[in-house]
1. What is the angle, in °, between the Cα long axis of helix 4-30 and the longest principal axis of the Cα atoms in the chain? Nearest 10 is fine, range 0 to 90.
2. What full-extension length gain, to one decimal in nm, is calculated for Val65 and Glu109 as 0.36 nm per residue of separation minus the Cα-Cα distance?
3. Would you mind calculating the gained length between Glu24 and Glu6 on full extension (0.36 nm times residue separation, minus the Cα-Cα distance), in nm to one decimal?
4. Using helices alone, I'd like the mean residue ellipticity at 222 nm for the chain: each DSSP H run of four-plus residues gives -39500 (n - 2.57), total over residue count, nearest 500.
5. How much accessible surface area, in Å² rounded to 10, belongs to the heavy atoms of Asp68 with a 1.4 Å probe?
6. Sorted by accessible area (1.4 Å probe), largest first, how do Tyr114, Tyr42, Tyr35 line up?
Amino acid sequence: MLSREEFMFYTDRALSGMVTVVGELGDERANRSAYPGANTPYALLHHCLAVMETWAGGFVRGRTVDRDRDSEFHATGSVDELIERTRVAKAQLHRDVAAAEPEAALLTEPPREYLGPPGNLTQGAALQHVFEELAQHHGQMETLRDVLITAAEPDPATSR
């Protein structure tokens, strides 16, 4: 079992990686889809912030959360504002993890339609789901970044 410090090391690393991706891309490319049907890097980080607030803030800590999951994947906006929201959300996640009781039941149960782990979860399991989401979307964003950057570069074979 991870300690709180170890858990936060890995979640912070995933969040920092996602911030780096959107920062490298800037407003225009971070809000662009790399290919038809793909999420934008901006929308993925926006979604991750909602996951953190819903699972850690809502289910683990008992705060009321009003979430429209479907709209998260269509979010657009300023990268600078998203980076600032991420800084604030990361600090809140640190407080939520510090106050969590990993073996205890959730303070609020997720709706059945949520895509988290099945069954009656502990607070530790819900926090593990937060990390799962951050890790998978960090990797997804790195791939999307590579496609978006490559698509923006001129083809050396045709630029002669």
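1. Between the helix axis and the principal axis of the chain, the angle is about 30 degrees.
2. 14.6 nm is the gain from fully extending Val65 to Glu109.
3. Extra length from Glu24 to Glu6 when fully extended: 3.8 nm.
4. -20000 deg cm²/dmol
5. Probe radius 1.4 Å; accessible area of Asp68 about 90 Å².
6. These residues rank, largest area first, as Tyr35, Tyr114, Tyr42.
The values are calculated or read from the model by the stated rules, or taken from the named source; none is laboratory data. Owing to the predicted nature of the structure, the values given are computational and were not obtained by experimental measurement. Quick note on the areas: whole protein, heavy atoms, side chains included, nothing else; ligands and nucleic acids left out. Shrake-Rupley method; radii C 1.70, N 1.55, O 1.52, S 1.80 Å.
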